[in-house]
Amino acid sequence: MSTHVDAEGNVMMVDVSGKNSTERTAVAEGRISMSPACLKAVRERAFAKGDVLTVAQLAGIMGSKRTADIIPLCHPLPLTSSKVELFLEESGGFYGVRALCTVRTSGRTGVEMEALTGAGIALLTIYDMCKSMDKGMEITDIRLLRKSGGKSGDYVRP
């Protein structure tokens, strides 16, 4: 039985009114690879469009808050916290940025999609701001790391 389609085949949003409100947290991450020269320019804040990392953090937070506007049938949630952390990485031939998005709410449904959206939007923003230098950047590994709260309990990525 589908949770998003009724008996007549009509699409619907899941009814969460019978669920208990609990504290919920989700953490997601993703990476963007780029040339060493591009990573150096990000580190040195050398882009005409502005400080790549600050703009990407803001975009990720805004994206997490607007998830229900872009993912069909996602519940609009009153987030109590959204944080995007960006880490410059340079190891084993990888040059790029890792985005980590942590989202919290007290509600009847989880914030996994909000965390995934926040990480993804931060990485897309980095691409947009850096594409003049490196069109070959690659966004990878967007994934849920952990979540807590709700009926299904906690999840930690193995």
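The values are calculated or read from the model by the stated rules, or taken from the named source; none is laboratory data. Here the structure is a predicted model, which is why all the values come from computation and not from measurement. Every residue, glycine among them, receives a Cβ derived from its backbone with ideal geometry; neighbour counts consider all protein chains shown. Surface accessibility is based on the protein's heavy atoms, side chains included, excluding ligands, DNA and RNA. Shrake-Rupley method; radii C 1.70, N 1.55, O 1.52, S 1.80 Å.
The rows are residues; the columns are (1) open to solvent by 30 Å² or more (accessible area, probe 1.4 Å); (2) within 27 Å of residue 4 (Cα to Cα); (3) not in a helix (DSSP H, G or I).
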site	(1), (2), (3)
100	no, no, yes
104	yes, yes, yes
119	no, yes, no
129	no, no, no
136	yes, no, yes
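For residue 56, work out the one condition from (1) farther than 22 Å from residue 26 by Cα; (2) open to solvent by less than 30 Å² (accessible area, probe 1.4 Å); (3) of a type in the set (Gly, Ala, Ser) it doesn't fulfil.
(1)
If residue 24 passes every condition in (1) open to solvent by 30 Å² or more (accessible area, probe 1.4 Å); (2) among the basic types (Lys, Arg); (3) modelled with pLDDT of 95 or more but one, which one does it miss?
Looking at each condition in turn, residue 24 falls short on (1).
Sort out which residues of the stretch 36-50 are open to solvent by 20 Å² or more (accessible area, probe 1.4 Å), over 23 Å from the mean Cα position of the chain (by Cα) and of a type in the set (Gly, Ala, Ser), and write them in order of number.
37, 46, 48
Please find, among 118, 153, the residue that is modelled with pLDDT under 95 and either under 16 Å from residue 31 (Cα atoms) or not aliphatic (A, V, I, L, M) (or both).
Step by step, each of 118, 153 is checked, and only 153 is modelled with pLDDT under 95 and either under 16 Å from residue 31 (Cα atoms) or not aliphatic (A, V, I, L, M) (or both).
For the stretch 1-97, which helices (runs of 4 or more DSSP H) that fit wholly inside it have 1 or more residues that are basic (Lys, Arg) and more than 14 Å from residue 127 (Cα to Cα)?
In the stretch 1-97, 36-43, 52-65 are the helices (runs of 4 or more DSSP H) which contain 1 or more residues that are basic (Lys, Arg) and more than 14 Å from residue 127 (Cα to Cα).
Residue-wise test of (1) within 28 Å of residue 35 (Cβ to Cβ); (2) in contact (Cβ under 8 Å) with a residue 60 or more places away in the chain; (3) not acidic (Asp, Glu).
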{"residue": "58", "(1), (2), (3)": "yes, no, yes"}
{"residue": "63", "(1), (2), (3)": "yes, no, yes"}
{"residue": "78", "(1), (2), (3)": "no, no, yes"}
{"residue": "103", "(1), (2), (3)": "no, yes, yes"}
{"residue": "107", "(1), (2), (3)": "no, yes, yes"}
{"residue": "123", "(1), (2), (3)": "yes, yes, yes"}
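Within the set of pairs 6 or more residues apart or between chains, which connect a residue that is touching a residue at least 12 places away in the same chain (Cβ under 8 Å) inside the stretch 1-21 to a residue that is among the β-branched types (Val, Ile, Thr) and not in a loop (DSSP other than H, G, I, E, B) with Cβ atoms less than 9 Å apart?
Once the first residue is touching a residue at least 12 places away in the same chain (Cβ under 8 Å) and sits in the stretch 1-21, its partners that are among the β-branched types (Val, Ile, Thr) and not in a loop (DSSP other than H, G, I, E, B) give 4/11; 11/5; 12/5.
Could we say that residue 83 is crowded, with 20+ Cβ neighbours inside 10 Å, among the charged types (D, E, K, R) and within 17 Å of residue 30 (Cα to Cα) here?
no
Within the stretch 138-158, can you find the residues that are part of a strand (DSSP E or B) and either at negative phi or in contact with a helix residue (DSSP H, G or I) (Cβ under 9 Å, 6 or more places away or on another chain) (or both)?
The answer is 138, 139, 140, 142, 143, 144, 145, 146, 147, 148, 155, 156.
Cβ-Cβ below 9 Å, separation at least six or inter-chain, first residue in the stretch 133-148 and more than 15 Å from residue 89 (Cβ to Cβ), second among the basic types (Lys, Arg): which pairs?
Here the result reads 142/31; 143/157; 144/157; 145/157; 146/157; 147/24; 148/24, each pair linking the stretch 133-148 to a residue that is among the basic types (Lys, Arg).
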